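Notes to accompany the following structure.
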């Protein structure tokens, strides 16, 4: 089981944590939402919770609960800039279908 970050994503996360002034890494997860069933959750992690799995890539710790890991195993988190749009992109090999707006997915 693994979660990875591209160099661009790691650089952006480090920048956010530095400007925030606190945090041990990021927490990834999934929640029930949207027209396809599930949506990604990305937030700062200030502490490790019981049951968290911890991965480290490019010097960034990624925490994820065991339930979410079932849906996110093998995912690569990227950070992209395309014209005026920029943000994190989940490259999840488990996705079977996604909604037209890209906000939710099905595994």
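The single residue among 73, 46, 57 that is modelled with pLDDT of 90 or more and in contact with a strand residue (DSSP E or B) (Cβ under 7 Å, 6 or more places away or on another chain) turns out to be 57. Scanning segment 6-19 for residues that are loosely packed, with under 13 Cβ neighbours inside 10 Å and touching a residue at least 12 places away in the same chain (Cβ under 8 Å) gives 7, 16. Here residue 9 clears all of (1) closer than 17 Å to residue 93 by Cβ; (2) not in a helix (DSSP H, G or I) except the condition numbered (2).
Among the residues of segment 60-70, the ones that are at pLDDT 95 or above and either in contact with a helix residue (DSSP H, G or I) (Cβ under 6 Å, 6 or more places away or on another chain) or outside any strand (DSSP E or B) (or both) come to 1 in all. Being in contact with a strand residue (DSSP E or B) (Cβ under 7 Å, 6 or more places away or on another chain) and at positive phi is the filter here; which residues of segment 3-28 pass it? Result: 23, 25. Among the residues making up segment 64-81, those that are over 15 Å from residue 9 (Cβ atoms) and without any contact (Cβ under 8 Å) to a residue 40 or more places away in the chain are 65, 66, 67, 70. Among the residues making up segment 20-40, those that are surrounded by 14 or more Cβ atoms within 10 Å (Cβ to Cβ) and under 13 Å from the mean Cα position of the chain (by Cα) are 25, 26, 27, 28, 29, 30, 39, 40.
The values are calculated or read from the model by the stated rules, or taken from the named source; none is laboratory data. Everything numeric in this text was worked out from a predicted model, so none of it was measured. All Cβ positions, glycine included, derive from the backbone under ideal geometry; neighbour counts span all protein chains shown.
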